Each structure stands twice: as C-alpha cells, then as structure tokens.
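The values are calculated or read from the model by the stated rules, or taken from the named source; none is laboratory data. If you're wondering where the values come from, they're calculated on a predicted model, not measured in any experiment. Virtual Cβ from ideal backbone geometry, glycine too; neighbours counted across all protein chains shown. Side chains included, ligands, DNA and RNA excluded: accessible areas come from the protein's heavy atoms. Shrake-Rupley method; radii C 1.70, N 1.55, O 1.52, S 1.80 Å.
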Amino acid sequence: MSDLTRRAFLKVAGLAGVALASGCQAAGPAEAPADQASSPRAPQAPPSPPTEILITPTGELYTQSYSKVPAVDGNSWRLKVHGLVRQAAELDMDAMRAFPKVEQVRTLECIGNPVGGPLIGNVVWGGFEARHLWDQVGLRPEAVKARFGAADGYETSVAMQWITQPGVLLAYEVNGGPLPREHGFPLRILMPGLYGQKMPKWITEIEFIDRPHVGYWESRGWSEEGTVQTNSIIRRPRELEDLPAGALPVYGVAFAGLRRIVKVEVRVDDGEWQPAVLMQADSPLVWTQWSFSWDAPPGRYRVAVRATDEEGFVQSTGSGTVLSSAFPDGTSDIHDVVVNVYG
Ligand SMILES: Nc1nc2c(c(=O)[nH]1)N[C@H]1C(S)=C(S)[C@@H](COP(=O)(O)O)O[C@H]1N2
Ligand SMILES: [Mo]
C-alpha cells in the first residue's frame, strides 16, 4: 500500500468512525465479494448487514459519460467563471487548491439508474465550497441560470437555486486520492439534491446567464430539473439467490437527495409492510443503510422494499417496466427480488 493509499484508507476509516460515534454499532465484517458463488444444492447464509456507513471504493464507483473520457492536461486546465458576474475569474489548479479544503461524504446517483440498479455510489469528496468562488466573482441578480461547459463537450445548466444553495462543492479528490480521469479530473461540481446528469465532470466553464439553455441529455428528453427521487435498493439477497431457511438478513440502501429518509419497510410476497432498522449519517446527502431480519421458511418468495422520505412521500410500484422506468425523470418505483429458500 502506498503512503497516499494508506492515508486515503485511514481517512475513510476515520469517517466511518464518525458514523460509529453517532450511534452505530461496532465494526463488523465487510460486505461479501460480489461474485460469491451460490449453488442450489448447498445454499450459504448471506453475510450479516454492514455495521457502518459504506464508502464505495473509488475503483467500484460507477461511471457514466456521454462520450469519451477526455485527457485533460492539469497544467493548461482552467475553469472560467463568467457571464452575469461583477468580476469574471479564471482558476488554475493552484488557485482551486488555494480555497479552504473540505471533505464530505456524498451519495452520487445517475438519473438513468434502473430500479435496484448499480448506478449509485457513496464516496468521500475532497475539494472546496463553491460559495467562496461566488463571493469572489459576485453573482449579479439578473442571473437566472448557471450553464456549465466541460472538457468532453458535455453541457448542462441549473436554475440559480441549485448553485447558490449551501453545500455546493467543487471536488478534486475522491476517497482521499486525486479525482481519477474517468471521474472528472481535475475538477467536478456537486450540487445537493440533483442527479449526476446536472453535475459536470471535467468542468471548464461556469457561465451565469439570463437566457434559456438546454443541455445534452435535456435536449434528448431527460429531466431539466434532475432532482433525486426517493429510491431504495435491496443489496442482499440478490435476485434468484438460493438461501438456507432460518434467520436471513435482508439489507440495502435508500436515498432521496435533499430529503432525509425517515422509514424503510420490507414486504414478503403480499404480507404486511414491516419496518427495517435504519443506519444513517448526520446528512441526508449520505445514503441510508437499512436492514431487516427475516425468519424465512422454505419456499420461493418475492421480497420488496419501500422508503418514505421526510416529506411523507412513500415509494410505490409504477406502471413502467423495470428497464424503461427511469426515463425521463429518474424513478421511485419499488425494488423487489425473488429468492429461493431451502429447508
Ligand atoms: N462532463 C461530463 N460530466 C458528466 C457526465 C458526462 O458525460 N460528461 N455525465 C453525468 C452523469 S449522467 C452522471 S450520472 C455522472 C457520473 O459520474 P461518474 O462517472 O463519476 O460516476 O456524471 C455526470 N457528469
Ligand atoms: Mo447520469
């Protein structure tokens, strides 16, 4: 392990420690590897649910790019901030690192993530708070939108409320290491409450405008607003997993962007919705982990999960098919899995 990797690891472990201090139990075994074999003849009990907030390893964070990953040269890279500002600015990498550094755990999810899908991750972002930059340039009251440009030619824009809200980060690190090329080296923007679509990687330009602007995905029918919908995912058991009868842990994550998850429930077949136990960080911007202990008799079952957010929204099953339902606004459809329980 390199020194840098070790430092990154310690940093992540330290953050998990913060979660522990705020009411979670002692650390237990990590989640089992994704390719764990399961055979119908000798079903294995699934691992116990994680006992601390999971940080997605950088190499396992999903990537979603509309085109090729651009090779940005850090030395010549600049971020231009202009348009309806009092004093335009141009940052290079030294200037971006000169702002006070913050590190925050945040969940990132793609608007196209299908129900129960893998396009979601939870990592430690390092960078600076965008408000320092807005203070420096002076946003003019005529500005109605911020338009972003990026080194891969991607474009999107957001209404002013999203970019001026507290907690907007410009990130140049992930999990204590430099932002990898595929994740946006050297700089990307993160705005609480929005899907990945609204948050460019390889950011090169922020223009404050008072004219309409339609981005790349938006012009193809995807949501203009791009606010995260309340969603929950069953991580274990997996679809069609074979399991031994008895005490079976059911667990996963739930996320609703700006809104805190207040309840997660599990249902077996057409039974009652039963409450799961929640494990949460202080911030709603970090996914909620949930677990449910199921005393499973032999049989074949459909296990479903639904989350409720602090505004009282409860997930339900929509009309779309599992694969199509994320278009165009993301999805809050219920995730379920079929499992075979052996006696
Ligand atoms: N410049 C640029 N930024 C982008 C994209 C892109 O294609 N180009 N994709 C967006 C989408 S759709 C998502 S979900 C996230 C994915 O970030 P990741 O690849 O680091 O997971 O980046 C967003 N930012
Ligand atoms: Mo996305």
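Structure notes:
- Relative to the longest principal axis of the Cα atoms of the chain, the long axis of helix 3-21 makes an angle of roughly 60 degrees.
- Close Lys-Lys pairs in the chain, where close means Cα under 19 Å and separation is 8 or more or interchain: 9
- Accessible surface computed residue by residue for the chain, with neighbouring protein chains in place and a 1.4 Å probe, gives 45 Å² per residue.
- Per residue, the convex hull spanned by the alpha carbons of the range 253-343 comes to 112 Å³.
- The fraction of all Cα pairs in the chain landing in successive 20 Å bins from 0 to the largest distance is 29, 55, 16, 1, given as whole percents.
- Accessible area (Å², 1.4 Å probe, nearest 10) - ASP73: 80
- Where labels lie 7 Å past Cα in the beta-carbon direction, separation of PHE313 and ARG260 in nm: 1.7
- Dividing the summed helix terms, -39500 (n - 2.57) for each DSSP H run of n ≥ 4, by the number of residues in the chain produces a 222 nm estimate of -3000 deg cm²/dmol to the nearest 500.
- Where a label projected 7 Å from the Cα of LEU240 along Cα→Cβ would reach, residues of the range 281-310 with amide N under 18 Å: 299-303
- Here's the picture: a label point sits 7 Å out from the Cα of GLN87 along the beta-carbon direction, and within the range 205-247 the residues with their amide nitrogen under 19 Å of it are 206-208.
- The portion of the accessible surface of the chain made up by carbon and sulfur, rounded to a whole percent, is 53 (1.4 Å probe; DNA, RNA and ligands excluded).
- Expressed per residue, the C-alpha convex hull volume of the range 189-315 stands at 158 Å³.
- If you wrap the tightest convex hull around every Cα atom of the range 58-220 and split its volume per residue, you get 109 Å³.
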